[in-house]
Amino acid sequence: MKQQFAAELTAGIQVDDVFVISSKAVAQKKNGENYLNLTLSDRTGEIKGVAWDNVSEAAAAGMVGDFVRARGAVSEYRGNLQLTLKELSPVDRVSVRRDDFLPVVQRQTPDRMFEQLRSTVDKYIQDPDLRKLFSAFWADEDFVDRFKQAPGGKKMHHAYLGGLLEHTLSMTILVRNIAAHYSGIDMNILLAGTILHDIGKIREFEYDYVIDYSDEGKLLTHIIIGCGILDEKIRLIDGFPPKKAMLLKHMIVSHHGSREFGSPEPPKTLEAVLLNHIDDIDAKMNGIREFIAKENPQDNWTAYNPMLRRQLFRSDRELG
């Protein structure tokens with residue numbers, strides 16, 4: 001059983017435990033000799049690793065996604081922890097406990113969240129075509145099982161089992177609170193698009209032992225996959241209106257907001273504009289909260305966050 005977790009490592013301690021390789025690259029020292037850079041992860045986080053000696057043997061221990069036993073010492077380098085490796089050896093994943101490496105949603109169980117989502121559809125979506133559409137989704141046991149388990153991301157936000165469902169449910173709550181402030185919003189289409197906007201993530205990610213992109217995810221992205229899944233369900237419903245299908249697909253296609261961020265088209269309906277902003281709010285708030293939770297609770301400021309390109313002030317702390 002794993003004893004040493006990434007988030008608990010501190011400078012000066014010796015490490016001898018199992019981790020998964022999240023990234024791996026061979027680089028060169030100034031004298032031309034090779035060294036190995038790694039990122040080693042578990043369910044609590046990750047630590048950078050470096051092997052200066054026996055580089056060929058260390059590099060042969062595993063590829064990205066493989067499990068390895070890492071032996072070495074933790075030190076601080078440029079303000080970050082680094083594990084200087086003495087030995088890296090392969091570990092058969094059969095001997096690994098899945099729960100040691102995959103973080104899970106903490107606030108509610110997936111079953112409870114899914115029942116809340118179903119209740120939202122039953123209560124707030126009155127359009128008969130959309131109700132038939134969701135009946136088709138809920139009748140698909142494989143879809144429901146994947147939807148309950150899938151992460152919302154690899155690193156950026158909701159990067160844990162059940163994260164996709166948590167993100168989706170959170171967004172439906174925001175939708176009901178924000179959209180009511182504006183006139184001219186089709187709440188049926190907006191809620192349906194909100195629930196469906198990320199469904200492609202059930203196949204974009206692999207999450208058996210580690211969260212990573214599937215081949216399909218790398219080649220197509222969750223936007224294209226999601227449109228395909230939606231098409232499959234629409235074909236099961238006789239007479240589903242083409243315009244409604246088009247509006248739902250547009251919400252999937254445009255929810256990242258711009259081509260720069262991966263959307264083939266920008267939002268071009270009121271509902272799609274709201275979805276894009278609500279998605280951004282929920283993703284950013286979750287990512288920031290998760291980042292702050294891993295920081296030293298005694299510090300007023302977090303470390304620099306390269307994704308946000310800023311430090312964050314701990315406004316949750318009492319100031320002297």
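What does the extension gain come out to for ALA303 and SER56, with contour length at 0.36 nm per residue minus their alpha carbon separation? Before the final figure, lay out each step's value.
On the way: separation 247, 0.36 × 247 = 88.92 nm, distance 3.38 nm.
The ALA303-SER56 span can extend by a further 85.5 nm.
Add +1 for every Lys or Arg and -1 for every Asp or Glu among the other residues with Cβ under 14 Å from the Cβ of MET171, and state the total.
Numbers: positive: ARG176, LYS201, LYS284; negative: GLU166, ASP198, GLU271, ASP279, ASP280, ASP282.
Result for the local shell: -3.
Taking the Cα centre as origin and putting +1 on Lys and Arg beta-carbons and -1 on Asp and Glu beta-carbons, what dipole magnitude results for the chain, to the nearest 20 debye? Working shown, then result.
Numbers: 41 positive and 46 negative charges, 126 e Å.
The dipole of the chain has a size of about 600 debye.
Given H placed 1.01 Å from N in the peptide plane, which residues other than close sequence neighbours of LEU161 have an amide H under 5 Å from its amide H?
Residues meeting the criterion, in which the H sits 1.01 Å from N, are VAL104, VAL105.
Given the C-alpha centroids of region 256-320 and region 42-64, what is the distance between them in whole angstrom?
That distance is 30 Å.
Which percent of Cα-Cα pairs in region 6-97 sits in each 10 Å bin, short to long?
Pair shares across the bins are 17, 54, 26, 3, 0.
Treating the angle as unsigned and between 0 and 90°, give the value, to the nearest 10°, between the Cα long axis of helix 270-293 and the longest Cα principal axis of the chain.
Relative to the chain, helix 270-293 is tipped by roughly 30 degrees.
Rounded to the nearest 500, what is the chain's calculated 222 nm mean residue ellipticity when only DSSP H runs of at least 4 contribute -39500 (n - 2.57) each, over all residues? Before the final figure, lay out each step's value.
Values: 10 runs with 128 residues, N = 320.
Computed ellipticity for the chain at 222 nm equals -12500 deg cm²/dmol.
Express in nm, to one decimal, how much length is gained between ASN80 and LEU219 on full extension, taking 0.36 nm for each residue of separation and deducting their alpha carbon distance. Before the final figure, lay out the partial values.
On the way: separation 139, 0.36 × 139 = 50.04 nm, distance 3.35 nm.
Roughly 46.7 nm would be gained on extension.
Using a Gaussian network for the chain with springs between C-alpha atoms less than 10 Å apart, which of these wobbles most: THR168, THR194, THR269?
Looking only at THR168, THR194, THR269, the largest GNM fluctuation is found for THR269.
Viscosity 1.002 mPa s, temperature 20 °C: Stokes-Einstein D of region 102-291 from its Kirkwood Cα radius, in µm² per second? Intermediate values should be presented prior to the final figure.
Details: Rh = 16.5 Å.
Approximately 130 µm²/s, per Stokes-Einstein.
Which entry in (i) 136; (ii) 351; (iii) 168 is this structure's computed volume of the Cα convex hull per residue in Å³?
(iii)
Quick check on the chain: of the DSSP beta bridges with both residues there, what percent are antiparallel, nearest 5%? Please report the intermediate quantities before stating the final value.
Numbers: 37 of 41 bridges.
Beta bridges within the chain, antiparallel portion: roughly 90 percent.
Against the longest alpha carbon principal axis of the chain, how many degrees, from 0 to 90 and to the nearest 10, is the axis of helix 215-234 turned?
20 degrees
Here, each number is a calculation from the coordinates, and none is a lab measurement. Since the model is a prediction, treat every value here as computed from it, not as a measurement. Backbone-built Cβ (ideal geometry, glycine too); neighbour counts: all protein chains shown.
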